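So the structure is just underneath, and the comments pick up after that.
The values are calculated or read from the model by the stated rules, or taken from the named source; none is laboratory data. Keep in mind that what you see is a predicted model, and the values were worked out from it rather than measured. Virtual Cβ from ideal backbone geometry, glycine too; neighbours counted across all protein chains shown. Side chains included, ligands, DNA and RNA excluded: accessible areas come from the protein's heavy atoms. Shrake-Rupley method; radii C 1.70, N 1.55, O 1.52, S 1.80 Å.
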Amino acid sequence: MLHHEVAGDGPAVVLLHSTVCDSRMWDAEFAALAERCQVLRCDLRGFGRSPLPSGDWSSVDDLRVLLDEAGMERPALVGLSGGAAVALDFALEEAERVRGLVLAAPAISGLPWSEEVQRFGAQEDELVEAGDLDAAVELNLRMWVDGPHRGRDAVDPAVRAKVGEMQRRAFEVQLGAEPGEHRRPEPP
């Protein structure tokens, strides 16, 4: 099962994290929204406190189960990057269960990655395979937090540190597993 938290009362809101983070990226928003909404945040599989399963899994199915458990009907789904992709895929499969979408820098299932992102992915794979998690984390921070065309001094050091901690945790969770396949919607 996915690690998740639910707080508050009112209109339902679900927060889905970027894939360089985990549910902690929403700390401030979770607390603020819980004052006037029923808000759910979770660690997607392979991030934070949610391990990867040994069998196949689907993020859309995982979200469906969480919504059912929380008794959430027609939440607004808020997602960043990979979390936005989960929100979008869920909305396409379960449109009647979604009140609205807030998608920030969404990844889109089935859309080919740019050459820049493909080069990043190859470099990340090399670093992780070599066991250099510090360099792999820094590569992610430069790509996804600083941005490929800015220096690290353009970003609050506390933000870099928090994202770096979450990214390192993701590598540790993912390297410690022999997961099945992440099933994605077909067609994408």
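Quick notes on this structure:
- Subset of the range 72-115 [of a type in the set (F, W, Y) and modelled with pLDDT under 95]: W113
- Residues of the range 34-51 satisfying the condition of being buried (at least 22 other Cβ atoms within 10 Å of the Cβ) and within 14 Å of G8 (Cβ to Cβ): V39, L40, R41
- Complete set of residues in the range 146-167 that are open to solvent by less than 30 Å² (accessible area, probe 1.4 Å), of a type in the set (A, V, I, L, M) and assigned to a helix (DSSP H, G or I): V163, M166
- Residue pairs whose Cβ atoms lie under 7 Å apart, sitting 6 or more positions apart in sequence or on different chains, and linking a residue in the range 62-81 that is open to solvent by 10 Å² or more (accessible area, probe 1.4 Å) to a partner that is part of a helix (DSSP H, G or I), are R74/R97.
- Scan of the range 136-145 for residues that are open to solvent by less than 30 Å² (accessible area, probe 1.4 Å) and either over 17 Å from the mean Cα position of the chain (by Cα) or aromatic (F, W, Y) (or both), ordered by number: A136, L139
- Which listed residue, of D56, D9, D27, is in contact with an Asp or Glu (Cβ under 7 Å, 6 or more places away or on another chain) and loosely packed, with under 14 Cβ neighbours inside 10 Å: D56
- For the range 101-134, a residue qualifies if it is surrounded by fewer than 13 Cβ atoms within 10 Å (Cβ to Cβ) and closer than 30 Å to A12 by Cβ, and the qualifying residues are A104, A105, I108, G110, L111.
- Long-range neighbours under 6 Å by Cβ, at least six apart or interchain, first residue acidic (D, E) within the range 8-21, second modelled with pLDDT of 95 or more: D9/Q38
- Residues within the range 147-188 that are over 18 Å from the mean Cα position of the chain (by Cα) and acidic (D, E), tallied: 4
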